[in-house]
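Please read the structure below before turning to the comments.
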Amino acid sequence: MRTLIILLSLLNTFPCKKEAREHEKTLQSAPINAQGYQFISYKKKELSADNKINIFEYPDTKISIEYNNSTYFGYGTKSFNIYQSSYDLDSGDLDILRYDNIDTRSQIFFVELNDYSLRTYHIYVYKSNSMYYLGELNIDLSKIIEKVNKINIEFNIKQSDENFSVQSIVNGENFSTLNYKLGNPLNVYKKYNNIDEYVFGNTQQTTEKNESNDESFLEENKKTPEKVTNHLIFTKDKSGKLVINTEILDYIQKNTTDSDNSYTIALSKYVTSLIINYYDNKSSEWTEEELFKIIGYSSNTTDPLFKKYWKNNFNKWNNGKEGYILGFCNTAYHDQIWNKLTSNFKKNNYYNLPYLEDMVWYGSDFDKTGAP
């Protein structure tokens, strides 16, 4: 059991909010009683020439943070890797806190967003040459900040194997305790030889996605299909435009059977979750036009497979309740999107996809009882 105590000492006076915010920007967070971890301060923080990429220079490496619909966290020593996460960075002054564990050779990064009375931390863990996104932590100081002249925030972090317990302590009193579990490592969104290639747009940049088109990679990940369907098929280029990996979609189409359908099920679950997030939770990194295109390309893959196989193996297709997308759009979101979605498909000539138009007709036959 290892315990990490982090003290963010924000010695603020509050004659007015503007002065308080300006004062906060000058303070560097520091650790207290850090057992096993050592606080590593960056030497310099700067913005790229186009003011899009925050660069934090450490003695041994550089860290980059960029936001363009998604957040891109860059890290690397021998090569420079970009990791994509879907949280918003437009919600406060940005800083980063780094702590190294010399025993386990792991690192913890807190991406801090300071919006005066709200502090948000996105936590990354780097170990064994892999990057993990641990989760988000929020501290709302709105009921405290106007009543005191000094704010002390402590994080008491306990780690046991893959489990993390993060206790937030504000001015000596317990604020909250959140538990996290280390999940699968983040996939490398893009890989560069060094940070300069990333910052200055050198064309030598490569992507992990090319390697993941290899059938051996896709075979190896059948037991964890979400690593592929949720991260590698629909991505964004550096300008923020939707990129679709059709080679993975082709693989799914060619290799799915009535009993080997893990990628089809995972893809349909992922896309339906995007629909729910967009229309119910009002949270999405995609525009509606992009979402429609994602639905089109996905359903062109999943829905013909569902139609072909689900009646041959009810258990693997959850009695016909999983593995399709357009039937979900028609029954669960008919009033919100069905007419707009199908009109968009028609306007775009069904993206020249071979099965999409037929699958629209098939999806229109779904009702609340299920598949036709």
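The values are calculated or read from the model by the stated rules, or taken from the named source; none is laboratory data. What you see is a predicted model; the values in this text were computed from it and never measured. Every residue, glycine as well, gets a Cβ built from its backbone with ideal geometry; the counts of neighbours run over all protein chains shown. For the accessible areas, the whole protein counts, side chains as well, though only heavy atoms, and no ligand, DNA or RNA atoms are used. Shrake-Rupley method; radii C 1.70, N 1.55, O 1.52, S 1.80 Å.
From the Cα gyration tensor of segment 232-299, with a ≥ b ≥ c the square roots of its eigenvalues, which class applies: rounded if a/c is under 1.5, or else prolate if a/b is larger than b/c, or else oblate? Since a/c reaches 1.5 but b/c is at least a/b, the shape of segment 232-299 is classed as oblate.
Solvent-accessible area of segment 313-363 (1.4 angstrom probe, protein heavy atoms only): carbon and sulfur portion equals 44 percent. Here segment 64-197 yields Rg over Rh of 0.99, to two decimals, using C-alpha coordinates and the Kirkwood radius. Find out how many positive minus negative residues lie around residue 226, taking Lys and Arg as positive, Asp and Glu as negative, among other residues whose Cβ is under 15 Å from that of residue 226. Summing Lys and Arg as +1 and Asp and Glu as -1 gives +2. If you take all other residues with their beta carbon under 14 Å from the beta carbon of residue 324, and give Lys and Arg +1 and Asp and Glu -1, the sum is +1.
Ordered from highest to lowest accessible area with the whole protein assembly present and a 1.4 Å probe, 70, 128 read as 128, 70. Residue ranges 173-180, 328-335 sort as 328-335, 173-180 when ordered by packing (mean number of other C-beta atoms within 10 Å per residue, highest first). Loop-resident trypsin sites (Lys or Arg not before Pro) (DSSP state other than H, G, I, E or B) in segment 284-372 with no more than 13 further Cβ atoms inside 10 Å of their Cβ: 321, 368.
Multiplying the residue separation of residue 239 and residue 319 by 0.36 nm and subtracting their alpha-carbon distance yields 24.6 nm.
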